[in-house]
Amino acid sequence: MGGRAEGGEREVESNYLHQTLLKRSPTLPSNPLAMVGAKVTHMESLDYEINENDLFKHDWRSRSRIQVLQYIFLKWTLAFLVGLLTGIVATFINLAVENISGFKILAVTDLVTKRRYVLGFLYFTGANLALTMVAAILCVCFAPTAAGPGIPEIKAYLNGVNTPNMFGASTLIVKIVGSIGAVSAGLDLGKEGPLVHIGSCIASLVGQGGPDNYRLKWRWLRYFNNDRDRRDLITCGAASGVCAAFRAPLGGVLFALEEIATWWRSVLLWRTFFSTAVVVVVLRGFMEYCRSGNCGLFGEGGLIMFDVSSVSVSYHAMDLISVTVIGVIGGVLGSIYNYLLHKVLRLYSLVNEKGRLHKLLLSIMVSLFTSACLYFLPFLAGCSRCDPSLPDTECPTNSRSGNFRQFNCPPGYYNDLATLLHTSNDNAVRNIFSTSTQKELHPLSLIIFFALYCILGLFTFGIAVPSGLFLPIILMGSGYGRLLGLFMGSYTSIDQGLYAVLGAASLMAGSMRMTVSLCVIFLELTNNLLLLPITMIVLLIAKTVGDYFNPSIYEIMLNMKGLPFLEAHPEPWMRNLTVGELADSKPAVVTLHGVEKVSRIVEVLRNTKHNGFPVVDQEAIYPFDPVGLRLPAASAGPGTTELHGLILRAHLLAALNEKWFLSEPRRTEEWKVREKFTSAVLAERGRKIEEVAITEDEMEMYVDLHPLTNTTPYTVVESMSVAKAIVLFRQVGLRQMLIIPKYRAAGISPVVGILTRQDLRASNILSAFSHLAKSKGLERK
């Protein structure tokens, strides 16, 4: 939308509106389509900017101090509800996963102990397949947006991109049930990413008063019927989800700050921390209740909490060499994993395009392959004799957890690979993180474990089930970390279990490119503050190495889906281009007058898809003084033009729908506007021009747009660089940015053009200005 206005002539704009799409050939391309769930959707931006029109100003001035305090109190109440509900849902998911997978593992272990291997395989495979099918059918048939982690879409939403159907009630329900089924099926995925999405869905539904068809009509909720407050709530929900997944309140807040949120302020920090604190209280309360055996097989487990505080951490200068090696390996492997996963996801997208049946078949194939590997690979490992110092109840064991699983071994022996594979993913991480067990796991078993989860981590992510990347990456990283600790032997003073922790941290930093939040999350997971120095070193090295090769995995997924995400740092070559030059490469800007004819408004709305239109007052239509009295034409000055502001498409539709028409071009009194419109009416979205009925007589009438116009839109001078404009656009959270001329004179339009999110994307700019692509290549060299 937008471009340079040539003299502001109405004929130019009218001719542009009536041109067919094939005849228009703007130089600057725009692709508003993106993949959300299973559908290619037309993307819209969100209105984070405060619309300061006359109605908003009056509404804000009329609020009493008590109403302002009630509004603030309600914000904190909603943050409390988000944390409370997220904690309850997370507890329910963990209870279900631990009990379903626990009973499955116990039944398979019993069959293997009785040497009924075929029946054990059929039971194991059949149970996993049934659970996978439940998750896949729900995602494919009822809520396609529930598949995957949901984190890229949440990042895009908080960046200002409207992602349709991502936070609905059906998505929430399918995400919960699907996560339980997929994780219980033993697939190489975690519930951490889905919990972030679940927390965001809860926050969205709480903020709007429930699902679309069953919303609460409480009058105070109308103050939250805007994108700004919804954005803050979803940020709290995302942080609460991370906290629920890792039992890490500080890590959840920092994850939202570092990875999820684009816009941040101190008040949001407090509310986010408050939400995560509520989550922790809920989780701790349920865990204390479950200690007495009231929760089936849940017991004390269920949440990822890998306590390694019992081991003393002591390291010397020579240990920094091995720590550096872990960081480098993590960065290299993380970038390789991102590259290969990108290729696999592209392949899966071709399969998914063929329809629902192919999605289900893909999920079935991955489930069968995973079950076969998890069941048969432990037979390749030999049996090891239990340490005589260990009690018989601890080694060997046939329970669903423990470090010494008997599996197919005789009494007094254990199978170390079965300890890692014939258990839940959470327990597998606990086992490989276990400290003071230097001889428990053998090199061959660790190599098989690492290779298996590298393969499963590539081919499991992307199928039509809720899935998270955190746990698969932790499993891979802990595998090579423990291997390196085993090979170091007596050359290091760091425990092998701590090497596994550092390996997991390095691979996560090498793939996701996070540092601060990951460092805090791992400290809260392991409960060992002495790991802080070497964890920081590993994370910094891994991220630096990974950044040299490719972007983070979430950036790759954003680009694959086509979501118009604006990065925090503009490209250096963008300083060689001005916003005025961008406007020159676009069609003429579509403007409206302060008092506009109904037929003109209908014409503009029917022939464009723009969200906002500049309101320009000219001498012919705006001979009024501030109180609305008509002035002589000469008093306005010859050729005088003024940018009054920006009016939204939704507000134009509201004016047409309410039949707020005038028989002659004049301004209306402010009290009449307040009688006709309320903040609830102006907050409505989704109305279409095709739904508004206008008679021929009404077409000849007028609408006073001044009271509905945002009189303080963000404007930039046409000489500003694109790099600087992107920083302003992203940090303020704009949907459109007005470009004004550097020099003002009679006959010059007060608006040069309008820039939107699509206009500021690097790929679109390079398509229009090919010479910048060459300079980009030189900068890289």
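Figures for the structure shown
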| read-out | value |
| --- | --- |
| Every pair of residues 6+ apart whose Cβ atoms lie under 8 Å, when the first sits in the range 700-716 and is farther than 11 Å from W660 by Cα while the second is in a loop (DSSP other than H, G, I, E, B) and of a type in the set (V, I, T) | P707/T668 |
| Residue match in the range 414-429 (condition: in contact (Cβ under 8 Å) with a residue 60 or more places away in the chain and over 24 Å from V501 (Cα atoms)) | no |
| Looking only at the range 398-439, and only at residues there that are crowded, with 22+ Cβ neighbours inside 10 Å and among the aromatic types (F, W, Y), the one that is modelled with the lowest pLDDT | F404 |
| Index of the failed condition, L728 passing every other in (1) among the aliphatic types (A, V, I, L, M); (2) assigned to a loop (DSSP other than H, G, I, E, B); (3) free of Cβ contacts under 8 Å to residues at least 40 places away in the same chain | (2) |
| Residues of the range 249-289 classified as surrounded by 21 or more Cβ atoms within 10 Å (Cβ to Cβ) and without any contact (Cβ under 8 Å) to a residue 12 or more places away in the chain, total | 0 |
| Qualifying residue in the range 568-578 (condition: hydrophobic (A, V, I, L, M, F, W, C), part of a helix (DSSP H, G or I) and more than 30 Å from N427 (Cβ to Cβ)) | yes |
| In the range 708-719, the residues that are crowded, with 17+ Cβ neighbours inside 10 Å and touching a Ser or Thr at 6+ places or on another chain (Cβ under 8 Å) | E718 |
| Within the range 185-275, helices (runs of 4 or more DSSP H) holding 1 or more residues that are charged (D, E, K, R) and closer than 26 Å to E98 by Cβ | 192-208 |
| Members of the range 74-116 that are over 25 Å from M287 (Cα atoms), of a type in the set (A, V, I, L, M, F, W, C) and under 27 Å from the mean Cα position of the chain (by Cα) | L74, W76 |
| Qualifying residue in the range 656-672 (condition: free of Cβ contacts under 8 Å to residues at least 12 places away in the same chain and surrounded by fewer than 15 Cβ atoms within 10 Å (Cβ to Cβ)) | yes |
| Verdict on L458 being in contact with a helix residue (DSSP H, G or I) (Cβ under 6 Å, 6 or more places away or on another chain) and surrounded by fewer than 23 Cβ atoms within 10 Å (Cβ to Cβ) | yes |
| Selection status of E571, of a type in the set (D, E) and buried (at least 20 other Cβ atoms within 10 Å of the Cβ) | no |
| Residue within the range 550-560 that is more than 29 Å from G150 (Cβ to Cβ) and polar (S, T, N, Q) present | no |
| Residue match in the range 489-500 (condition: closer than 21 Å to Y337 by Cβ, touching a Ser or Thr at 6+ places or on another chain (Cβ under 6 Å) and surrounded by 21 or more Cβ atoms within 10 Å (Cβ to Cβ)) | yes |
| Where M560 falls short, out of the listed (1) surrounded by 17 or more Cβ atoms within 10 Å (Cβ to Cβ); (2) under 27 Å from G733 (Cβ atoms); (3) aliphatic (A, V, I, L, M) | (1) |
| Filter result for the condition that a residue is of a type outside the set (G, A, S) and without any contact (Cβ under 8 Å) to a residue 60 or more places away in the chain, over F449, F407, F470, F461 | F449 |
| Among the candidates L129, L95, L111, L106, residue that is assigned to a helix (DSSP H, G or I) and modelled with pLDDT of 95 or more | L129 |
| Check on L566, crowded, with 22+ Cβ neighbours inside 10 Å and aliphatic (A, V, I, L, M) | no |
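Matching residues to (1) on the phi < 0 side of the Ramachandran plot; (2) in contact (Cβ under 8 Å) with a residue 24 or more places away in the chain; (3) buried (at least 18 other Cβ atoms within 10 Å of the Cβ):
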site: G193; (1), (2), (3): yes, yes, yes
site: L205; (1), (2), (3): yes, yes, yes
site: N213; (1), (2), (3): yes, no, no
site: W218; (1), (2), (3): yes, no, no
site: R231; (1), (2), (3): yes, yes, yes
site: C236; (1), (2), (3): yes, yes, yes
site: A239; (1), (2), (3): yes, yes, yes
site: C243; (1), (2), (3): yes, yes, yes
site: R247; (1), (2), (3): no, yes, yes
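Residue-by-condition table, conditions (1) among the basic types (K, R); (2) closer than 30 Å to T709 by Cα; (3) at pLDDT 90 or above; (4) under 20 Å from the mean Cα position of the chain (by Cα):
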{"site": "M514", "(1), (2), (3), (4)": "no, no, yes, yes"}
{"site": "L530", "(1), (2), (3), (4)": "no, no, no, no"}
{"site": "S552", "(1), (2), (3), (4)": "no, no, yes, yes"}
{"site": "L558", "(1), (2), (3), (4)": "no, no, yes, yes"}
{"site": "H569", "(1), (2), (3), (4)": "no, no, no, yes"}
{"site": "L577", "(1), (2), (3), (4)": "no, no, yes, no"}
{"site": "E596", "(1), (2), (3), (4)": "no, yes, yes, no"}
{"site": "H610", "(1), (2), (3), (4)": "no, yes, no, no"}
{"site": "Q618", "(1), (2), (3), (4)": "no, yes, no, no"}
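The values are calculated or read from the model by the stated rules, or taken from the named source; none is laboratory data. Not measured: the values here are computed from a predicted model. Because the Cβ atoms are built from the backbone with ideal geometry, glycine has one as well, and the counts that use them run over all protein chains shown.
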